[in-house]
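To keep things clear, I will list the structure first and then write my remarks on it.
The values are calculated or read from the model by the stated rules, or taken from the named source; none is laboratory data. As the structure is a prediction and not an experimental result, all values here were calculated from the model. Here the Cβ is made from the backbone with ideal geometry for all residues, glycine too, and neighbour counts use every protein chain on show.
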Number of protein chains: 2
Amino acid sequence: MDTMGRHVIAELWECSIDILNNISQIKQIFVDAALEAGAEIREVAFHKFSPHGVSGVVIIAESHLTVHSFPEHGYASIDVYTCSNTIDPNVAVEYIIKALEAKTFEQVEVKRGKGPVKVKPFQKML
Amino acid sequence: MDTMGRHVIAELWECSIDILNNISQIKQIFVDAALEAGAEIREVAFHKFSPHGVSGVVIIAESHLTVHSFPEHGYASIDVYTCSNTIDPNVAVEYIIKALEAKTFEQVEVKRGKGPVKVKPFQKML
């Protein structure tokens, strides 16, 4: 497989606190986001922290999606990395932003693969 | 927990092809890298692709480590993200670079958490 990839790093604020603390709901959102982008799911691993917060990953044939939620801050830290020409990571990121009901967010896209690591700044507020 | 985090993105080239295609060895290297940095492991999920390549994640109490290996290119794509003040992601990244026997590599550090996503370029060749 080609090593070139697109890695979107997104910071989501003012999300739904209830969703951010619900491991089943977050897991489903990330599985659905991967499928929405046309990715093939290989492994799913999520962990609920005490007293709050969820971390998880969906490993796809084309790389991965990860989340770390901080319900006490309404914040979720998201990564969607794809190394296929046919999968757009932004499709999954946009799905996640809506599903977590984020009112403000910010994202950058990092080019992965051969050669210097390139970062394309991108900022958008709802 | 504080939302601030440090996320190191590393591209490793000219790695050991045998290690890059050995799921058991890669899994052990990533578990050991997390422990070396002083992280607490919560979930471990790795997947071996056919005919070659391994993807995997170690979810730690302080965020995650991920890897995607492309043995046919001698390349591994690495992320180490920590949201604790006491854990330095570079300790894990340096452990991984040595363990995968990478002859060339490059890395950037991304500040995660509240406020604009900030990227600190950092490039080093062995």
Which members of segment B:57-98 meet the condition of being buried (at least 21 other Cβ atoms within 10 Å of the Cβ) and either on the phi > 0 side of the Ramachandran plot or of a type in the set (D, E) (or both)? B:E62, B:S63, B:D79
Mind listing just one residue for me: the one in segment B:15-63 that is at pLDDT below 95 and more than 10 Å from chain A (Cβ to nearest Cβ) and, of those, farthest from A:V54 (Cα to Cα)? B:P51
Against the definition (under 17 Å from B:L100 (Cα atoms), assigned to a helix (DSSP H, G or I) and among the aliphatic types (A, V, I, L, M)), how does B:V31 come out, yes or no? yes
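Would it be correct to say that A:E109 is at pLDDT below 95 and closer than 16 Å to A:L20 by Cα?
No; evaluated as a whole, the condition is false for this residue.
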Given the conditions (1) closer than 18 Å to B:T82 by Cα; (2) more than 10 Å from the chain's Cα centre (by Cα), report the number of the one that A:I9 does not fulfil. (2)
Over segment B:11-56, the set of residues in contact with an Asp or Glu (Cβ under 7 Å, 6 or more places away or on another chain) and small (G, A, S) is B:S16, B:A37, B:A39, B:A45
Quick check on A:A10: is it modelled with pLDDT of 95 or more, assigned to a helix (DSSP H, G or I) and of a type in the set (A, V, I, L, M)? no
